[in-house]
Amino acid sequence: MNRTDYTLAFEDASAAPELYALMHETWAAMENKELFAVGDLDETWVREVLTPPGFAVTARSAAGALCGMLMVCFHGEGEENLGYDIGLTGDELTGACCLECAAVRPEDRGHGLEHRMFIRAEERLRGMGVRHVLMTVSPYNPASLRSAQKAGYRILLTKEKYGGMLRHVLGKTIPGEDGTDGT
């Protein structure tokens, strides 16, 4: 498939069944299951994190098939908020956004979809006034790490997460619509 044959769109909790299926299809196809931490996540969790202000960015083929996904989550003061890992407090913590469960079907890899979904999410987040965007990536997943770094994310720390799996915590401060960094 040609790089231009994909359409990126925003989706909400109504897409949870399809997104959950892609998460598990991607995980099941992986040789090293620790690269993609889906653990005991279920469709209910997907639906909950995609409740506004949360959303998903999807990549679909010209025929409408789901080829890739990225969930954009707001955990507030919940323990899943990666802001705790980097010392955010107050409004910075509760306003931080976490990019989670980026997945691209094996047959659709190599077209820059993950990177494109990161950038598309940032476009919407900028309009929402979000400044701190965080994610985790396995140190053993060079493709995802390259996608994140290409989009401007920096490794802030490396630690065990998700029941003992080693993860880089990456972050980026996105500029506001006026080009300022929000400080």
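Taking Thr58, Thr26, Thr89 in turn, the Gaussian network model of the chain (Cα-Cα springs below 10 Å) assigns the largest fluctuation to Thr89. Extending 7 Å from Cα along the Cβ direction at Glu123 and again at Tyr140 yields two label points whose distance is 3.6 nm.
In terms of other Cβ atoms within 10 Å, Met128, Met69, Met135 run from fewest to most in the order Met128, Met135, Met69. Here the dipole of the chain is about 720 debye; that uses its Cα centre as origin and unit charges on the Cβ of Lys and Arg (positive) and Asp and Glu (negative).
The Cα-based radius of gyration and maximum Cα-Cα distance (Dmax) for the chain are 15.4, 45 Å. Here the contact order of the chain, divided by its residue count and restricted to Cα pairs under 8 Å and six or more residues apart, works out to 19 percent. Considering only Glu100, Glu43, Glu122, the Gaussian network model of the chain with Cα springs below 10 Å gives its largest mean-square fluctuation to Glu43.
Quick note: the coordinates plus some simple rules give every number you see, no bench work behind them. Everything numeric here is computed off the predicted structure, so don't read it as measured data. Quick reminder, even Gly has a Cβ in these numbers, built from the backbone with ideal geometry, and neighbours come from all protein chains shown.
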